Amino acid sequence: MLEIIPLVLGPVATNAYLVGDPKSHSAVVIDPAWDGELIVEEAKRYGWNIEQLWLTHAHFDHIGGIAGVVKGSHPSPKIALHPADLPLYSAQGGAALFGMRLEATPEPTDRLKHGQILTLGEQAFEVRHCPGHTPGHVVFYCAAQKVMFCGDVIFWGGIGRTDLPGGDYDALIRSIQTQILTLPNETRLLSGHGGETTVGVERRDNPFLS
Ligand SMILES: [Zn+2]
Ligand SMILES: [Zn+2]
C-alpha cells in the first residue's frame, strides 16, 4: 500500500504529491511544484528516499521545486517528462509570462510514452498521454489503488485552461473523454490544483463536460 502526501506549494497553490512505499522506503514526487527543500524534508520525516520525479507537464508551477529536490537527494532522482513538453521545459515552463524566473533546473532523464508502465515498490502506474492543456501532458493511473494523478487536465468541477501557448481545447476534451471518463466511477482524481474528486462525480456534475 502506498502513502500519498499532498503538499500545496508555490505562487499558484499547486498540488505536489509525495508518494511513498513504506516497505522499500522509496518515494516518487509527482509534480515537484515549488520549494524542493521542503519536499525533501517531508520525505525525510517519513524515512523515504526520493528516487523519481514524474511530471504531468512542464508548466513552471509544476517544475519549480525540481532544482531543490535534486540538490537534497542522493543519488539524484530520475526526472521523467513526455517529449512533447520538452520545449516548454526548456523555456522554464513559461515562467517569464508570469513575471517569474526558476532556479537552473536539470534536464529530464527519461522520456514518457503513452502506455508505458512506471513502478513504485510493487505498484504499477500507467502513463496516459492527455494533450490539450499542454502538448505533452500525461496522467499517471494506478488501477490497483484506484487513483489517478491528473495534473491540470481535469479539476473538481473544472477543466484545464487551454489559452496558454500549446493549448488546444478540442484535444483537451478528447483526452478527458477517452483517457479519464473511461475509468471506473470510484477512481480518485488527484489534480494539480484544488481538492480531490472522483471520475463518477465529474462525469455527473462537471459543467464543462455536459
Ligand atoms: Zn499547467
Ligand atoms: Zn498548474
Just need a number here: residues in the range 5-49 that are open to solvent by 30 Å² or more (accessible area, probe 1.4 Å), closer than 19 Å to Ile79 by Cα and within 16 Å of ligand 1 (Cβ to nearest atom).
-> 1
Residue satisfying all of: in the range 50-103; at pLDDT below 95 and among the aliphatic types (A, V, I, L, M); least open to solvent (accessible area, probe 1.4 Å) among these = Ala95
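Do the conditions hold for Ser76, that is, is it more than 20 Å from Thr134 (Cβ to Cβ), touching a residue at least 60 places away in the same chain (Cβ under 8 Å) and more than 16 Å from ligand 2 (Cβ to nearest atom)? Spell out how you get there, then give the answer.
Working: more than 20 Å from Thr134 (Cβ to Cβ): yes; touching a residue at least 60 places away in the same chain (Cβ under 8 Å): no; more than 16 Å from ligand 2 (Cβ to nearest atom): yes.
For Ser76, the condition - more than 20 Å from Thr134 (Cβ to Cβ), touching a residue at least 60 places away in the same chain (Cβ under 8 Å) and more than 16 Å from ligand 2 (Cβ to nearest atom) - is not met.
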Hits in the range 155-177 - residues which are more than 12 Å from ligand 1 (Cβ to nearest atom) and not in a helix (DSSP H, G or I) | Trp156, Gly157, Gly158, Asp168
What pairs come up if the first residue lies in the range 41-53 and is over 12 Å from Leu120 (Cα atoms), the second is open to solvent by 80 Å² or more (accessible area, probe 1.4 Å) and in a strand (DSSP E or B), and their beta carbons are under 9 Å apart, counting only those six or more places apart or on different chains?
-> Ala43/Asn49
Filter result (open to solvent by 30 Å² or more (accessible area, probe 1.4 Å) and hydroxyl-bearing (Ser, Thr, Tyr)) within the range 140-179 | Thr162, Tyr169, Thr178
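The values are calculated or read from the model by the stated rules, or taken from the named source; none is laboratory data. Remember, predicted model here, so these are calculated numbers, not experimental data. With ideal geometry, Cβ positions are generated from the backbone for all residues, glycine too; neighbour counts draw on all protein chains shown. In case anyone asks, the SASA skips ligands and DNA or RNA and just uses the protein heavy atoms, side chains included. Shrake-Rupley method; radii C 1.70, N 1.55, O 1.52, S 1.80 Å.
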